[in-house]
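Here's the structure, in structure tokens; my notes come after.
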Amino acid sequence: MDRVKSIYRINAKDIPPIGVAPPSQGAASTMSVKMVYGTDTGIMIAQRQQGYHSRPHYHDAEQFNYVLDGEIWFFIEEEGFRCVKGDIVRIPRNAVHWTWVRAEQGCAMLEAHTPSLTGDPALAKGGIAMVGPDEVPVQGVTNLWVDHKQAAEVERRAVEADPD
């Protein structure tokens with residue numbers, strides 16, 4: 001069945017993946033994302049493999065994450081928790097946060113950012129704008145990497161406290 005093309009609908013299989021390598025706390029980490037954005041919000045379908053371990057960062061965007069498959073550890077400021085399929089995580093605007101994929105199966109996640117992360121040149125050039133001819137996206141933001149000296153301690157406390 002032929003589907004009518006629209007700037008307001010796209011199938012995830014038609015979004016080209018973007019390979020990104022944010023700064024890591026350990027060995028080089030990469031993830032694959034598929035990104036679309038509108039005037040205010042961007043969403044990404046992100047795949048992270050075992051060993052992915054981002055450095056602490058923040059951005060001037062509120063972020064929601066929905067774990068589609070696998071598991072991932074989230075650390076927000078002084079708190080850390082393991083998330084599995086079906087979990088939803090909110091990261092407040094400008095909160096220092098980072099992630100760590102410890103599980104063998106990796107993690108697939110849907111991420112929403114308002115405003116979008118199109119301030120990052122790698123994401124901006126690979127993301128697909130779903131906007132009409134008379135719409136203008138707001139200025140996108142980017143990740144700002146920080147030295148969060150207590151990160152290792154936050155991780156240690158969270159992992160030790162996890163019942164699984």
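Some points to look at:
- Within the listed set 105, 50, 150, the Gaussian network model of the chain (springs between alpha-carbon atoms below 10 Å) gives the highest mean-square fluctuation for 150.
- Environment charge of residue 128, counting only residues whose C-beta is closer than 12 Å and scoring Lys/Arg +1, Asp/Glu -1: +2
- For segment 25-38, 3J(HN,Hα) per residue [Karplus equation, 6.51 cos²θ - 1.76 cosθ + 1.60, θ = phi - 60°, Hz, x = Gly/Pro]: 8, x, 4, 3, 10, 10, 9, 10, 10, 10, 10, 10, 8, x
- Under the Debye formula (equal points on every Cα, no solvent term), log10 I(q)/I(0) of the chain at q = 0.10, 0.13, 0.18 Å⁻¹: -0.37, -0.62, -1.14
- Overall, the accessible surface of segment 2-85 at a probe of 1.4 angstrom is composed of carbon and sulfur to the extent of 52 percent.
- 3J(HN,Hα) from dihedral phi, segment 154-164, Karplus parametrisation 6.51/-1.76/1.60, rounded to Hz, x for glycine, proline: 4, 4, 4, 4, 5, 5, 5, 7, 5, x, 9
- Residues in segment 21-122 average 43 Å² of solvent-accessible surface per residue, probe 1.4 Å, ligands and nucleic acids excluded.
- Rolling a 1.4 Å probe over the protein heavy atoms of segment 98-158, with every protein chain left in place, gives an accessible area that is 55 percent carbon and sulfur.
- Electrostatic bookkeeping for residue 57 treats Lys and Arg as +1 and Asp and Glu as -1; over the other residues with beta carbon under 14 Å from its beta carbon, the sum is -3.
- Annotation for residue 147 and residue 60: the two label points, set 7 Å from Cα along the Cα-Cβ direction, are 2.4 nm apart.
The values are calculated or read from the model by the stated rules, or taken from the named source; none is laboratory data. Keep in mind it's a predicted model, so treat the numbers as computed, not measured. Note: ideal-geometry Cβ built from the backbone for every residue, glycine included; neighbour counts use all protein chains shown. Note: areas computed on protein heavy atoms with side chains; ligands, DNA, RNA excluded. Shrake-Rupley method; radii C 1.70, N 1.55, O 1.52, S 1.80 Å.
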